[in-house]
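Written below as structure tokens is the structure these notes are about.
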Amino acid sequence: MIQEHQTLHVTNLISVRKTLTQAEVPPIIEKLAQYIKTYNADKAGYLISTTFCVDQQTQKMDTIFYLPINKEIPSSEDFVFKPHLYLINCVMIKYKGNPQNMQPAVDGLTRHVQQNNLVPISTLYSVNQNEILRQEDLDKFEVDIYMSISPNIF
């Protein structure tokens, strides 16, 4: 079920923006986790990501990953601390199940935006609601997908 007028507000995030393939994601996330440990910070939530574009030939994605943490830490050349991620007036859909089968949920959200003549002003933000560590637990994956919508009426 699609919900409108939602807000996504998360504080104390460490982020990394990379252009990479899906196979290159896990090592980047591991480096992100190691970086926060060097500053004695702890995760304070689950991974958030947004993709700006995908090169259809190389399958490389221009993506930002955000990880909520419990305190402010310094930025580096690779990782940037952000005090807030704040999206207002969002449409949002929840998805539960294997992440490989998530595309119909994304398509449903996009269709809702088009059918209601809404104007997106952000990319899709995927906010993981849990962490799946074992392949056999993929069906327990949960994510909230947000897209900020212009409040203007044309």
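The values are calculated or read from the model by the stated rules, or taken from the named source; none is laboratory data. Everything quoted here is computed from the prediction, not taken from an experiment. Cβ placement follows ideal geometry from the backbone for every residue including glycine, while neighbour counts extend to all protein chains displayed. These area figures cover heavy atoms from the full protein model, side chains too; ligands, DNA and RNA do not enter into them. Shrake-Rupley method; radii C 1.70, N 1.55, O 1.52, S 1.80 Å.
Show me, for the stretch 25-32, the HN-Hα J-couplings you get by feeding each phi into the Karplus relation (A = 6.51, B = -1.76, C = 1.60, θ = phi - 60°), rounded to Hz, glycine and proline as x.
Per-residue couplings from phi come out as 5, x, x, 5, 5, 5, 5, 4 Hz.
Please compute the net charge surrounding T11, taking Lys and Arg as +1 and Asp and Glu as -1 over other residues with Cβ under 13 Å from its Cβ.
Overall, the nearby charge balance is +1.
Under the rule of -39500 (n - 2.57) per DSSP H run of 4 or more residues, summed and divided by the residues of the chain, what mean residue ellipticity at 222 nm is obtained, to the nearest 500 deg cm²/dmol?
-5500 deg cm²/dmol
Which residue fluctuates the most in the chain, going by a Gaussian network model with Cα springs under 10 Å, if the choices are S122, S76, S15?
Maximum fluctuation in the GNM of the chain, among the listed residues, is at S76.
In µm²/s, what is D for the chain at 20 °C and 1.002 mPa s, where D = kT/(6 pi eta Rh) by Stokes-Einstein and Rh is the Kirkwood radius from Cα pairs?
Once the numbers are plugged in, D ends up at 130 µm²/s.
Give the Cα extents of the stretch 18-71 along the principal axes, in whole Å, largest first.
Extents along the principal axes, in whole Å: 40, 17, 12.
Once phi is turned into θ = phi - 60°, what whole-Hz ³J(HN,Hα) does the Karplus curve with 6.51, -1.76 and 1.60 give for every residue of the stretch 120-132, x standing for Gly and Pro?
Couplings: x, 10, 9, 6, 6, 10, 9, 10, 5, 9, 7, 10, 9 Hz.
Counting other Cβ atoms within 10 Å of each Cβ, which trypsin sites (Lys or Arg not before Pro) in the stretch 29-63 have at most 16 and sit in a DSSP loop?
Those that pass, being in a loop and sparsely packed, are K60.
Hey, what's the chain come to in accessible area per residue, 1.4 Å probe, Å²?
Per-residue value: 61 Å².
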